[in-house]
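Heads up: the structure comes next, in structure tokens.
The values are calculated or read from the model by the stated rules, or taken from the named source; none is laboratory data. These numbers come from a predicted model, not from an experiment. When we count neighbours, we look across all protein chains shown, and the Cβ atoms used for this are built from the backbone with ideal geometry, even at glycine.
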């Protein structure tokens, strides 16, 4: 065989045999992915209550999601256009604990299942008192940067990956680590105030590629009413600990151990309840007063969650859906397809893969209640129909079928009217993160971040970032963007953007660029 | 017509002549009422958008759908998974038929399925049935439609099944009263159930190539050339004319051309960050050609004209988190190029140790730093590996840890009690970019080490290196040391500046820790080294059912009592095959765990979870173990993996593919695939299976039912034995048709059940249903020579669901499953004659059956009929019952409930299995325990080996809400 001739023929033979596909382990394309996720009027949309608890000032973003409800709302507007004030780059990308869901549930023909425990794919930031803080899953440190310049103020070594953002309260930073400890640090200088180990003993084993505690703290810390709440534990067979600590001293106020579900994902808190995500499973509701378990909510699992008053919204479940569980109940009142939700007293904003939409909450809820009544009527008629069919009562069967047809028509009408509650829809190519700063929605996408007005949803601003914008925070008139490459971008209105100075060759992070006003 | 939107503007009309085959032209005159016409041709495709040829919305290609033009009219090919052509998710955007419709298509359905869609706009959720669909139900075309007159859907199916893989013309019509279906121009079904206007849902997707509504998606696996939607019902005559005008343009099915298959491989390995190596071998020399696509606009071609059998290319700039495609090019018998099927490479599966940034050393060039560098070099050299964990007990300035990390792939953990020193070392290593990702420094006392047991591959002390002061507790050091080769080095090399220590003190230290036999060397200063052996009493799980005896028991005496988590980590669910298709178990030997993912192989340190190596091997896959045998087995040094006609010996530690053996061929017979793999001593026992007979399990099969496609057994035409080190042929046995699931090797004999049925022998496939269960014989060969030792006629014909052999204590048991339950037959195994040099002759012996038992199953689902037996000591355990191995007396019927779909594995003291979660049954105490939050797969997913229970992640595609999906190891507390 003439080899060269073979190669020539082989070249002629060549045809396109396919293309590559990008894998997004958090929001994979697929059955529901990469297309508009929209409100599904066939399902009730239960947003019965008001804003999340724990209002914050425009100057602060003291905890993940901005408040204990993880609402993603900042009261202060950051008006675009914005300019990049600085960016900070970690020498290492984030090292997430979990690599993503399986490629497919072939038995049920579910493909591209969304990642249900993707809380640590970026260094999520918090901000207060002119400081920006975050933890690193790569070098185990808590970083404090100057919010105006991006220069490092201090850093603190824990003894394991720090996967979730700190919480700032009263001049202190509270943070958990895979080393099994909760740390309380002085915000001013990073000095250790106290540390506490919820787990039962001091031991470390290989876990997620590092030597860490069997009881890693992967819930973040919520500080409320003088108590710091946290969870620690991965394997129920080893015990999973939930505790309330004196925020001032670290002394244990209560601690409970569970043997059925892990504690993974940002805690949420209401006035009386503590909500503990459990990784791929569903959140568990506890009494904040003593840690007694109230219920495990129903759903399809996931660590994205927010509280809208007493309702818990969480997901992404098996197929990219958010479930709504009313206060005091276990069952989901509604599910709808989407990635994120922002709730205000008048409106709700739903963030899908290709679309951002706003909903007239009051009207929608009115219709939803009506629809719920009609659905109950339909169910009752169905039962009656089954009975008369068994009894062979032809006349009753005809009557009931007629009534069912009428009810079906009413359901269709209500569904259409609920669809009409959508105030606007706008294409949105930034599906990865969403917050509301005053009257501007900021959405993170692949290599860029965008702003949308809340009145029409139109995109009003867009700026590039280095990678996938997975984390957003708004504080002090600045927008902070965390990407999956380990970069923190700071954007500010041009009039207030500071001139930063390149950081010294510090141990880890590097201030890369600055933008003058 | 519903006034949802004005019909779309005619697009690309100037390209009519290009896009419309001439055969279409006569039909255009009859296009009255045409609402949309989607013609799958290149000139209508822009990127991922297919513009309608006439009317209709432009569609977006989603998932695995590709335009092809290589065979007759152009078509879109759908992969049957998440692919479709999405027209819209909002029906108000579409122009849809209102009172009447016709939907016409030319389609190939490659694979029938329960719910299939060609084009549809529907919601079918319980009683809420709206819209319409042209599709198929199993292998019958169907049209479904809901009208105001009925309010629910009618699924009207064709009377005759269609031929998969063949072009068909399918039309569904509705005229406000009659719903009709036409296939290939002929009426196929009709119904009058519907009347009035078409009833639409408020919202639904409008898609081509899938059945989709709000909560269901079933993709078409097949091809579509065109789809047309009309607002009127076409007449039967029109449909016949349309079919006649076009039919000649569509090619008749031809036998598919065989695809090129490498002799071994391909294998894809990460060799550096962003760089991979693709390698394969061919049976004869040929040029090397590789095509590789890693971005929609980047297709690379690699060529090497030099004819060779070992082919290898290194590729760089591999993008992160990308599923790439590639294919190999071979040469056929005529010398023509011959392409392999497309393979996938998933760049998310990268388990290389993270690299530290290029920065100067934080340590000045001094005698001390040079001593640390030299010591690290020698320690790593003595370890014989550079992977896993190194534990440094006591540090000075961290230089040794730095050098260990820099010179190896070890993850280094430093434990040091002094706070100031800890802070300084962290700063230094952080400055170097090593902190966290490669080295961690933890503060703590050295008396009681704050670590779990067994995790350290290398245990050293910087303090000893500098000062000679030994760690306070040798016992603790030993506790943390990995069995099967973990190394402690307490070193004071020359030039370290350390004061000369006492060799005697060093010897005493090792002895105090129970490290007998430590080597003490005295150069300028003493060195002491100790390598930990395997745990005494530990067993291996080297084969599918533990060992070649198929006892499903590792004979591990250590695994018992309360178990705690030893480590957890990768692999997670993503690289694993879905849980259902009864996949091969992982295997473990010599402290290593080998996991077969979904065409990804892993070598893992069993004691700390470090991934030693991984390789993506798209041809390596096997499923339905109850009807076949595993394709891999482990020895102390190698993992042996069969794919195609070869067996590859992979160095267990390095992942290097060092050995390659082919199925012995006899004359000009067709090539065979390698079936059974059994490693015994210096031999590897194999079997030859007709090509393509093994189950693959890629499509959600559960193999839980009684269908022919599930229970047919994979058989071998031949057994053979090779030298496992060099592949030299030792013997070949050829008799009847051997049932793979019965091949058992124990006590110097090879046992199996074979059928003398000639039809089985002559069948084209080695996957057979009833034939192997006739004319059966139970056969024993001499392992060393292959000589037949004995055989006896048996009849296991009632074992219609599965048939296993398992051996223990001189007893061979056959366990079969059938609709009426379990059937067990036990045989006494005659002693092997002392002389094995006599000619191979049939040695027919009398019936040696000891006993038999038959009992109903506990249930008929979730593996209820296919449980594999276990032999522990003198007891045979079979689904929920226990029997005395020699007498058959039932000794207990209180085996634990097994809710899950898997089968059980045993140590000498405990059973492990899937109940709701990982489960354990302690034989000694009768206690049952569950490890909540985590589950195994649907076959054998927890293996007791090396004093541990190893549970690689196998739940994979379970969309259930088990809280944890990870690989984990448990050890006795």
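Observations, loosely collected:
So that you can scan it fast, the table gives a plain yes or no per residue for (1) over 23 Å from the mean Cα position of the chain (by Cα); (2) touching a residue at least 24 places away in the same chain (Cβ under 8 Å); (3) assigned by TED's automatic domain parsing to the domain that holds residue A:479; (4) within 30 Å of residue A:83 (Cβ to Cβ):
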{"residue": "A:203", "(1), (2), (3), (4)": "yes, no, yes, no"}
{"residue": "A:209", "(1), (2), (3), (4)": "yes, yes, yes, no"}
{"residue": "A:212", "(1), (2), (3), (4)": "yes, yes, yes, no"}
{"residue": "A:226", "(1), (2), (3), (4)": "yes, no, yes, no"}
{"residue": "A:231", "(1), (2), (3), (4)": "no, yes, yes, no"}
{"residue": "A:237", "(1), (2), (3), (4)": "yes, no, yes, no"}
{"residue": "A:256", "(1), (2), (3), (4)": "yes, yes, yes, no"}
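- Checked across the range B:58-65, the condition of being under 30 Å from residue B:195 (Cβ atoms), within 37 Å of the chain's Cα centre (by Cα) and surrounded by 16 or more Cβ atoms within 10 Å (Cβ to Cβ) holds for no residue.
- Among the residues of the range B:800-833, those identified as touching a helix residue (DSSP H, G or I) at 6+ places or on another chain (Cβ under 8 Å) and either at pLDDT 95 or above or closer than 25 Å to residue B:720 by Cα (or both) are B:802, B:803, B:804, B:805, B:814.
Yes/no per residue for (1) under 18 Å from residue A:212 (Cα atoms); (2) assigned by TED's automatic domain parsing to the domain that holds residue B:608; (3) assigned to a helix (DSSP H, G or I):
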| site | (1), (2), (3) |
| --- | --- |
| B:415 | yes, no, no |
| B:420 | no, no, yes |
| B:466 | no, no, yes |
| B:483 | no, no, no |
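- So residue B:232, is it under 23 Å from residue B:174 (Cβ atoms), surrounded by 23 or more Cβ atoms within 10 Å (Cβ to Cβ) and more than 42 Å from the chain's Cα centre (by Cα): no
- Residue B:917 being buried (at least 21 other Cβ atoms within 10 Å of the Cβ) and either touching a helix residue (DSSP H, G or I) at 6+ places or on another chain (Cβ under 7 Å) or on the phi > 0 side of the Ramachandran plot (or both): no
- Checking residue B:314 against (1) closer than 29 Å to residue B:355 by Cβ; (2) within 11 Å of another protein chain (Cβ to nearest Cβ); (3) touching a strand residue (DSSP E or B) at 6+ places or on another chain (Cβ under 9 Å), the condition it does not meet: (2)
- Tally, over the range A:254-273, of residues that are surrounded by fewer than 23 Cβ atoms within 10 Å (Cβ to Cβ) and either within 14 Å of chain B (Cβ to nearest Cβ) or farther than 12 Å from residue A:224 by Cβ (or both): 7
- Residues within the range B:148-185 that are closer than 19 Å to residue B:98 by Cβ and away from every other protein chain (no Cβ under 14 Å), tallied: 11
- Considering the conditions (1) in a strand (DSSP E or B); (2) surrounded by fewer than 20 Cβ atoms within 10 Å (Cβ to Cβ), residue B:759 is excluded by exactly one of them, (1).
- Residue within the range B:553-571 that is crowded, with 24+ Cβ neighbours inside 10 Å, within 13 Å of another protein chain (Cβ to nearest Cβ), outside any strand (DSSP E or B) and at pLDDT 95 or above present: yes
- Among the residues here, residue B:431 does not qualify as free of Cβ contacts under 8 Å to residues at least 60 places away in the same chain and surrounded by fewer than 24 Cβ atoms within 10 Å (Cβ to Cβ).
- Selection status of residue B:188, farther than 29 Å from residue B:241 by Cβ and surrounded by 19 or more Cβ atoms within 10 Å (Cβ to Cβ): no
- Test: residue in the range A:134-142 that is in contact with a helix residue (DSSP H, G or I) (Cβ under 9 Å, 6 or more places away or on another chain), under 22 Å from residue B:441 (Cβ atoms) and in a strand (DSSP E or B): yes
- Here is the figure for the range B:908-935: residues that are more than 14 Å from every other protein chain (Cβ to nearest Cβ) and touching a strand residue (DSSP E or B) at 6+ places or on another chain (Cβ under 9 Å) total 9.
- In the range B:681-716, residue farthest from the other protein chains (Cβ to nearest Cβ) [restricted to those that are part of a strand (DSSP E or B) and touching a residue at least 60 places away in the same chain (Cβ under 8 Å)]: B:683
- Index of the failed condition, residue B:384 passing every other in (1) in contact with a strand residue (DSSP E or B) (Cβ under 9 Å, 6 or more places away or on another chain); (2) more than 27 Å from residue B:453 (Cα to Cα); (3) surrounded by fewer than 16 Cβ atoms within 10 Å (Cβ to Cβ): (2)
- Looking only at the range B:609-623, and only at residues there that are outside any strand (DSSP E or B) and within 14 Å of chain A (Cβ to nearest Cβ), the one that is surrounded by the most Cβ atoms within 10 Å (Cβ to Cβ): B:609
- Counted residues, the range B:107-119 - those being buried (at least 24 other Cβ atoms within 10 Å of the Cβ) and under 26 Å from residue B:241 (Cα atoms): 5
- Count of the range A:202-241 residues which are within 13 Å of another protein chain (Cβ to nearest Cβ) and part of a strand (DSSP E or B): 9
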